Amino acid sequence: MADSSPIERSWSQMTPDDAFEVFSLRTSVFYLEQRIDEEELDERDRNESTLHLWIRDDRGVASYLRVVHNDEPRPGDADARRLIGRVVTRADRRHQGLSRLLLERVIARFGHEPIALHSQSYVQPLYASVGFEPYGDEYLEAGIPHIGMRRAPTA
């Protein structure tokens, strides 16, 4: 098994192979597994301020998330400048702590400021375990129940 150290890159730092593996994983999980038929790839992926983080193993990208600027704040996360999204782990690597490692890396880098995310409701305990708290009511996004979550800054 390969090293579980997170890789961080902006769009311009990603190689074509990096992008292919990341988007293959996202497509496999969001389109094929979860049957989400809404736009998954968007302009935020190519925004130079977006940070892409992933963990590789001998089969390629095993877990991924991105951090974007919170350009469309919602009540409850208006003070959060960064928004975590597209958190995904390959089926054979789930429940091994990979997403948590990526979240911890984001918190180490940006934890001095509020951070928000829009969690699929069933994953809420993962985010709560690293300090995110729910806000607002549950809502449907792409036909899947979600809840807004925010992490207060650490000193």
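The values are calculated or read from the model by the stated rules, or taken from the named source; none is laboratory data. This structure is a prediction, so every number in the text was calculated from the model and none was measured. All Cβ positions, glycine included, derive from the backbone under ideal geometry; neighbour counts span all protein chains shown.
A few points about this structure:
- Qualifying residues in segment 84-127 (those that are within 21 Å of residue 69 (Cα to Cα) and of a type in the set (Gly, Ala, Ser)) - the one surrounded by the fewest Cβ atoms within 10 Å (Cβ to Cβ): 108
- When the test is whether a residue is surrounded by 13 or more Cβ atoms within 10 Å (Cβ to Cβ), closer than 18 Å to residue 102 by Cα and at pLDDT 85 or above, residue 45 does not pass it.
- Residue 53 modelled with pLDDT of 95 or more and not in a strand (DSSP E or B): no
- Residue 84 falls short on exactly one of the conditions (1) closer than 27 Å to residue 59 by Cα; (2) in contact with a strand residue (DSSP E or B) (Cβ under 7 Å, 6 or more places away or on another chain); (3) modelled with pLDDT under 95, and that condition is (3).
- Count of segment 86-145 residues which are among the small types (Gly, Ala, Ser), farther than 17 Å from residue 73 by Cα and outside any helix (DSSP H, G or I): 6
- Scope segment 114-145; condition in contact with a Leu (Cβ under 7 Å, 6 or more places away or on another chain) and more than 18 Å from residue 101 (Cβ to Cβ); matching residues: 116
- Odd one out for residue 75 among (1) in contact with a helix residue (DSSP H, G or I) (Cβ under 8 Å, 6 or more places away or on another chain); (2) in contact (Cβ under 8 Å) with a residue 60 or more places away in the chain; (3) surrounded by fewer than 16 Cβ atoms within 10 Å (Cβ to Cβ): (1)
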